[in-house]
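The values are calculated or read from the model by the stated rules, or taken from the named source; none is laboratory data. Everything numeric here is computed off the predicted structure, so don't read it as measured data. So basically every Cβ, Gly included, is an ideal-geometry build from the backbone, and we count neighbours across all protein chains shown. Only protein heavy atoms, including side chains, enter the accessible area calculation; ligands, DNA and RNA are left aside. Shrake-Rupley method; radii C 1.70, N 1.55, O 1.52, S 1.80 Å.
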Amino acid sequence: MQENIYETCSEDISDDEVYLTDHPNDDEEDYYMGSISKLQFRKDISKAVWNDKLGMAEVVEKKGKMWTTTAIIRNGKTFCSIEETLFLAEIGALLLLDDNDSSLPLKFIYEKVAKAKTGCSWELFEVYRHLKSLGYIVRRHGVPWTKKITEGKNVDIISDSVSLQGSQERNEDMDLESRKAGSIIDLFSHLQINEAGPVFDVYLPNRKFKKSCPGDPNFMLYLMRESKGD
């Protein structure tokens, strides 16, 4: 049985969940306003190590407040999807490392996205980047922000890394188990438009957003593709 992907509000708040209103004058102000060009040169840069097997980056050093709305948390560890990794690297907020602590260039991440083997294509990344640049809070559809792992069980990050290019059946299962009955979100979470399912859950900019209690997304984004016969 799939665990409930939403944690209750009464649970302990993670270190990431610091109200952004406490820091009105830091770089997060520009981040929310979509002023990406102002973030190119940072004094404090977070670090993450790329895990090729997972197709994700494990954050090993956090700097800045963007972590309140970025990445998933599993057993106290923070993981970035490929689209999150590239976006943060592009704005100069994240340094990606390999297993030997050597920095990886942007070209490495671009090639990963171009090959579309990590659950995200270039087309989908451009959608993600645009939403983030406008200040929206974005996650892969149906993937929980935080998840408690029962003691003694392995952290199954791979199963949580839902592909943005498929896995519609899995997305539907996660939605039906996680969302409350009668929610308007339930009516649309398993809707298919021209055989395309939802790819992103999107939340309005919110300086008090908490991963442990995110609530329902404000809308879901469907990516429409033209069929080869059209």
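Protein-only accessible surface at a 1.4 angstrom probe places the residues CYS213, CYS80 in the order CYS213, CYS80, largest first. Length available on full extension from GLU123 to LEU204: 0.36 nm per residue minus the Cα-Cα distance, which gives 27.0 nm. Taking amide H positions as modeled 1.01 Å from N, with prolines and chain starts lacking one, the residues under 5 Å from VAL60 and 5 or more places away or on another chain are LYS47, ALA48, VAL49.
The modelled label-to-label distance for the pair MET224/LYS53, using points 7 Å beyond Cα in the direction of Cβ, is 4.2 nm.
A full extension of the chain between HIS130 and ASP216 corresponds to an added length of 28.9 nm, given 0.36 nm per residue minus the alpha carbon distance.
Database remark: amide H of PHE219 closer than 5 angstrom to the amide H of VAL202 (H placed geometrically; neighbours at sequence offset of 5 or more, or on other chains; Pro and chain starts carry no H). Step through the table entries LYS107/LYS210; LYS107/LYS208; LYS112/LYS147; LYS77/LYS107; LYS43/LYS208; LYS117/LYS211, compare each Cα-Cα distance with 30 Å, and write down the pairs that go over it. Checking Cα-Cα distances, LYS107/LYS210; LYS107/LYS208 exceed 30 Å.
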